[in-house]
Amino acid sequence: MKKNPFTARLGALLLCGSLFASMLAGCGSDHGLSAKSPVTVTVWHYYNGAQQRSFDQMVSEFNATVGKDKGIIVAASSKGDVNELISHTMDAIDHKVGAAEIPTIIAAYADTAYTINERGMAADIGSYLTDKELAQYIPAYIAEGRFSGDGSLKLFPIAKSTEIFMLNKTDWDAFAAATGATDDSFKTWEGLTDVSRRYYEWTDAQTPDIPNDGRAFFGRDAMANYLIIGSLQLGHELFDVTDGQVEFDVDEDAMYRLWENFYVPYVNGWFASSGRFRSDDVKTGDIVALVGSTSGVTYFPTAVTRDDGSSYEIESAVYPVPNFEGTEPYAVQQGAGMLVTKSDETHEYAATVFLKWFTSTQNNLQFAVDSGYLPVTVEANSEEALGAAFEHAAEPVSETLQEVLLNGIYTTQNYNLYTNRAFAQGNDARKIVENSLLDAAKADREQVVFRLSIGMSQEEAVAPFVTREQFSQWLAGFRAQLEALL
């Protein structure tokens, strides 16, 4: 029997609730989405260079396929670096004069997400995801987004990174052939300190008529990671957070070991940092090796250009990040997630649709291969999956990028990954940890260089700076800076 169209329509409306509710939220699982009346999802991120090009390309693909079918238009824009993104975000949330409207999605680290959530502006996207869908992601990455303590999901993983050790293999090979040094030195911070000393002495000896002109071997990005991960590895969680409240566990013995393997080699000239990033220092020949993020691989140089204008091509090699002797391996888990801001059900759901699409296995691997970030799903996080992605990439994937991603996968599977829990003073505390030891090392290295310039020997020049008293003075100031945040 033919159905009365009016009766059928009425039944559909009853299933969805009232007519008013259906207009707001839509019927079924579409949450108000309609291809005839698309909604715009704005995304703010900090990607630049190859990472931004890849992200933009994938956004275009989404808009032309799933977005077109469901009625979602994603509009993404880079807001510069991470700090600039944070500034734009907080200006928008605080409704400052001249600030842009709050976007639908913001790339955010946990501490920024915590602050946004405290302002009541972070949506719980867990309600738009099934348990089966959530089980597809690496558990630690999902756990990072559940920082509220109430089971809600406020930060969604789309790409992660960890740290790796990268080497100018060309210059290393010359040094290793002359001295017998081996890459076993890269397994520990103590080994790295020792081989950096040997490299300084070897380069100094090449110009016997110019004393104390040895060259640094190593530098690192993200000093905060060194102190936070190193302290944890040595038995002390620097930021001990419970229910959003932090206690600072600054252990003297752990800090001294960290000091010995960064400050001491730095003031001696065995470690260095001069450019904005250590890849800049490799490019100028000021260092030979670095520890940096897997996502920074696209910036590692293929040639060295020295101050005198001479230039030569270099090969690179990649290793897992060093650890302290006699400890379990630890590495940082980092990389911003995506926070969906509170708005309405349709926009929040639309944002979740995009994020799920972006992190589907094939798309997740594509972004990883393009950007140097690590995939976030269990299925994509394997050497086999990455190998297939390399083989089927639209453009050839460099050997360096392949090595970096494979080492990153190795790290996620064999190291204890750590990211500190969010707390209110998190950004300020991290800045202190990032700058305190490095600033002290830079300032004291300048004094050492001056003392060398007036005829002191290396031993005489560094002697006042490598004492236990000097360490204690730095540690007291470091503790005071952190405690002042409480």
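The values are calculated or read from the model by the stated rules, or taken from the named source; none is laboratory data. Nothing here was measured: the structure is a model prediction, and the numbers come from that model. Positions of Cβ are backbone-derived with ideal geometry, glycine not excepted, and every protein chain shown enters the neighbour counts. Side chains are part of the model used for accessible areas, which takes the heavy atoms of the whole protein and leaves out ligands, DNA and RNA. Shrake-Rupley method; radii C 1.70, N 1.55, O 1.52, S 1.80 Å.
Details
- Residues in segment 330-366 that are under 30 Å from residue 233 (Cα atoms) and basic (Lys, Arg): there are none.
- Restricted to helices (runs of 4 or more DSSP H) entirely inside segment 181-293, those with at least 1 residues that are open to solvent by less than 20 Å² (accessible area, probe 1.4 Å) and among the acidic types (Asp, Glu) are 278-283.
- Test: residue in segment 441-448 that is among the acidic types (Asp, Glu) and touching a residue at least 24 places away in the same chain (Cβ under 8 Å): yes
- Segment 85-108 - residue that is within 19 Å of the chain's Cα centre (by Cα) and surrounded by fewer than 23 Cβ atoms within 10 Å (Cβ to Cβ) and, of those, farthest from residue 146 (Cα to Cα): 87
- Considering segment 139-158, the residues that are in contact with a strand residue (DSSP E or B) (Cβ under 8 Å, 6 or more places away or on another chain) and under 22 Å from residue 329 (Cα atoms) include one that is least open to solvent (accessible area, probe 1.4 Å), namely 141.
- Candidate set: segment 368-388, residues that are crowded, with 23+ Cβ neighbours inside 10 Å and not hydroxyl-bearing (Ser, Thr, Tyr); chosen: the one farthest from residue 292 (Cα to Cα): 380
- Close pairs (6 angstrom Cβ cut-off, 6 or more residues apart or separate chains): under 20 Å from residue 370 (Cα atoms) in segment 161-173, open to solvent by 20 Å² or more (accessible area, probe 1.4 Å) and in a helix (DSSP H, G or I) anywhere: 164/407
- Conditions (1) in contact with an Asp or Glu (Cβ under 8 Å, 6 or more places away or on another chain); (2) crowded, with 23+ Cβ neighbours inside 10 Å; (3) not acidic (Asp, Glu): number failed by residue 136: (2)
- Looking across 304, 297, one residue alone is surrounded by 13 or more Cβ atoms within 10 Å (Cβ to Cβ), out of contact with any Asp or Glu (no Cβ under 6 Å at 6 or more places or on another chain), closer than 20 Å to residue 216 by Cα and not polar (S, T, N, Q). It is 304.
The rows are residues; the columns are (1) closer than 29 Å to residue 173 by Cβ; (2) among the charged types (D, E, K, R); (3) at pLDDT 95 or above.
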{"position": "323", "(1), (2), (3)": "yes, no, yes"}
{"position": "341", "(1), (2), (3)": "no, no, yes"}
{"position": "352", "(1), (2), (3)": "no, no, yes"}
{"position": "368", "(1), (2), (3)": "no, no, no"}
{"position": "392", "(1), (2), (3)": "no, no, no"}
{"position": "399", "(1), (2), (3)": "yes, yes, no"}
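- For segment 58-84, the set of residues classified as open to solvent by 50 Å² or more (accessible area, probe 1.4 Å), without any contact (Cβ under 8 Å) to a residue 24 or more places away in the chain and of a type outside the set (A, V, I, L, M, F, W, C) consists of 60, 61, 65, 83, listed by residue number.
- The residues of segment 448-464 that are in a helix (DSSP H, G or I), out of contact with any helix residue (DSSP H, G or I) (no Cβ under 6 Å at 6 or more places or on another chain) and hydrophobic (A, V, I, L, M, F, W, C), listed by number, are 449, 450, 463.
- Residues in segment 166-218 that are modelled with pLDDT of 95 or more and among the aliphatic types (A, V, I, L, M): 166, 167, 174, 176, 177, 178, 181, 192, 195, 205, 216.
- Picking from residues in segment 427-444 that are open to solvent by less than 30 Å² (accessible area, probe 1.4 Å) and over 22 Å from the mean Cα position of the chain (by Cα), the one that is nearest to residue 474 (Cα to Cα) is 440.
- Every pair of residues 6+ apart whose Cβ atoms lie under 6 Å, when the first sits in segment 276-299 and is on the phi > 0 side of the Ramachandran plot while the second is charged (D, E, K, R): 285/306
- Residue in segment 260-270 that is at pLDDT 95 or above and over 18 Å from residue 192 (Cβ atoms) present: no
- Every pair of residues 6+ apart whose Cβ atoms lie under 7 Å, when the first sits in segment 355-373 and is at positive phi while the second is surrounded by fewer than 19 Cβ atoms within 10 Å (Cβ to Cβ): 372/298
- Residue 418 being touching a residue at least 12 places away in the same chain (Cβ under 8 Å), closer than 22 Å to residue 322 by Cα and over 16 Å from the mean Cα position of the chain (by Cα): no
- Which numbered condition residue 393 misses (of (1) in a helix (DSSP H, G or I); (2) free of Cβ contacts under 8 Å to residues at least 40 places away in the same chain): (1)
- Residues located in segment 327-365, provided they are open to solvent by less than 50 Å² (accessible area, probe 1.4 Å), in a loop (DSSP other than H, G, I, E, B) and not hydrophobic (A, V, I, L, M, F, W, C): 327, 329, 333, 335, 359, 360
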